[in-house]
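Notes follow once the structure below has been shown.
The numbers here are math on the coordinates, done by the rules we state, and not lab data. All values derive from a computational prediction rather than experimental measurement. Cβ atoms come from the backbone with ideal geometry, glycine included; neighbour counts cover every protein chain shown.
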Amino acid sequence: MRKKIINKRVLFEFVSISFAVFLGMMLNTWKEARDNSELAEKSVQNIKTEILNNKEEVAELLQAHRGHLITVDSLILEMEDSIKVTNRSVSLKFRLINSTSWETAKLTQAVAYMNIDLVTKVSGTYKYQDYYDDLVRKYAQERMTSVPEAYNKSTLEKLQVFIASIIDIEDNLLEYYDDILKSDLLPEMDTKS
């Protein structure tokens, strides 16, 4: 039998190259994990800031809509009592609620590196927010593409139901926002609320 002689230098170079490749792969994996963690952290901070802003926006809308509902209720009562109503109208204002940070987190796949419980909570809230935005869009489209109706009792009752529904949704949105903001799943940061 012939004994194979392994050159020590070749063996050393092979081990060195293998170790360098392994070390490079480990370093690359570590860097990628760190980058993904930073992306997730930044996304969570952006979502938290966006939810704080959305909460403030919805709270303002809710207050205005409660005032509009009182006006509509009184207009209906005055019509039922045959009192002449003058110089009072209801002009609803809506703003679409922002979801840019959540959409960005999904597009950049940062959600894959976020806490799953937080993602579930945030996803549900933004889904409900989308439902609200859809109702607002439909209402706005209907108002833009139809001739304004005179304020008769039937029109006011429809408006009353719509505003009451919107108020309920805004109340729920505020609760969802608070639920996320009070969660221990979010990192601490300065909040202005």
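Data overview
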quantity	calculated
Net lengthening on full extension, Asn172/Thr49 (0.36 nm per residue, minus Cα-Cα)	42.4 nm
Most to least packed among 49-62, 13-26, 30-43 [average Cβ atoms within 10 Å]	49-62, 30-43, 13-26
Helix-only CD estimate at 222 nm, as mean residue ellipticity for the chain, using -39500 (n - 2.57) per DSSP H run (n ≥ 4)	-26500 deg cm²/dmol
Positive-end residue, the chain charge dipole about Cα centroid, Cβ charges, pick of Ile17, Ser165, Val58	Ile17
Label-point gap, in nm, between Glu78 and Phe19 - each point 7 angstrom along Cα→Cβ	8.9 nm
Sites Lys93 and Ser37 - FRET efficiency at Förster radius 35 Å, r taken between beta-carbons, to 0.05	0.30
Rg [Å, one decimal], Dmax [Å, integer] - the chain, C-alpha atoms	29.2, 119
Computed lengthening from Ile116 to Glu142, 0.36 nm per intervening residue step minus Cα-Cα distance	5.5 nm
Unit charges on C-beta of K, R, D, E only; dipole of the stretch 8-182, Debye	720 debye
